[in-house]
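Okay, so here's the structure we're looking at.
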Amino acid sequence: MTEQIPLTSNHVELTAWTFPLLLSNKSGIPSACCAEPTTACYGLWCCPCAFASLRTKYDGSSWWFNLCCVLSPVVRNVIREGYKITGSTSDDIYFSYCCWPCVYAQAAMEIDLPHRRQQSRIQSEGSAQWTWGLLSCECTKSCLYAYTCHACAAADVRSSFDGSDFCFNCCCVGLPLINNIIRMAYGINGSTCNDMVTATFCPCCTVHRLQREVRARGPRGKLIVGHIASVEPLMGTVVQPSANIPAMTSPPSYNT
């Protein structure tokens, strides 16, 4: 059964990292680097490979896709928000770039905890289809926005989709990953390779299709440990999470 978690932090009980990042805490728990020096050395030796493996272990996503498209702050952010651990996107960026071996060791040890492994969920491909084709663009303000600054438009569409931080999306989350996140959440059939190819060679059309898809299907909340949190759209109705989201038979019309 899908667990429903409100997006607002006031209704979510946040926890702390089990292992502190740099210094031992008052309870005598050693820091992540001291507890697992071998793991920290792997993060130091090959940071991109280590963090790609980390996210793959967390949610079963493609290792090659994570290596090519997912930055270390994003991996830490996904794990932290998935396990409802206190922190901010600023912390994710700062610590991931200033002390990446300890960040890797801390997150790797967190995933290996028995109660955390029970919370993890493996991603699976859906069977629905995109409502619009990649090249079926429409002459609207959103289309102009996508073609004028597709990076900002991509960050904005993900913020509209799951309430994530716009600045964090703009700085750290690339279009292939945004395309992948929204596609997986809506249960749309596809592949990580296709996510990368369309976002790389046709970024403006990819962003515009995502804009229209989110408008049509509605926001779905942040992906929390393999399930989707319920959110309240502007009209006040609650969007219920669904494992199988059917494709729309005919696209709605927009006057914007």
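Please treat every number below as a calculation from the coordinates, not as lab data. Note that the structure is predicted; figures quoted are calculated from it, not measured. Cβ sites come from the backbone with ideal geometry, for glycine too, and all protein chains shown count toward neighbours.
To the nearest 0.05, what FRET efficiency results for Cys41 and Leu67 with a Förster distance of 22 Å applied to their C-beta separation? The value I calculate is 0.70.
If you average the sequence gap of Cα pairs under 8 Å that are 6 or more apart and divide by the length of the range 9-119, what percent do you get for the contact order? Walk me through the numbers on the way to the answer.
On the way: 136 pairs, mean separation 38.4, N = 111.
Taking the mean separation of contacting Cα pairs over the length of the range 9-119, I get 35 percent.
Across the range 141-219, Cα pairs under 8 Å and at least six residues apart give a relative contact order of 38 percent.
For trypsin sites (Lys or Arg not before Pro), the sites in the range 19-81 that DSSP calls loop and that have at most 14 other Cβ atoms within 10 Å are Lys26.
For the pair Asp112 and Lys141, the difference between a 0.36 nm per residue extended length and the Cα-Cα distance amounts to 5.8 nm.
Here r is the Cβ-Cβ distance between Asp91 and Cys193 and R0 is 35 Å; the resulting FRET efficiency, rounded to 0.05, is 0.60.
Restricting the range 167-216 to chymotrypsin sites (Phe, Trp or Tyr not before Pro) that sit in a DSSP loop and have at most 12 other Cβ atoms within 10 Å of their own Cβ leaves nothing. Taking a point 7 Å from the Cα of Cys98 along the Cα-to-Cβ direction, the residues of the range 53-92 with backbone N closer than 15 Å to it are 73, 88-92. As a ratio to 2.2 N^0.38 Å, the alpha-carbon radius of gyration for the range 141-219 is 0.96. Once Rh is set to the Kirkwood radius over Cα pairs, what Stokes-Einstein translational diffusion coefficient, in µm²/s, holds for the range 43-136 at a temperature of 4 °C and a viscosity of 1.567 mPa s? Result for D is 91 µm²/s. The GluC sites (Glu not before Pro) found in the range 89-179 that occupy coil by DSSP, while having at most 14 further C-beta atoms within 10 Å, are Glu125, Glu138.
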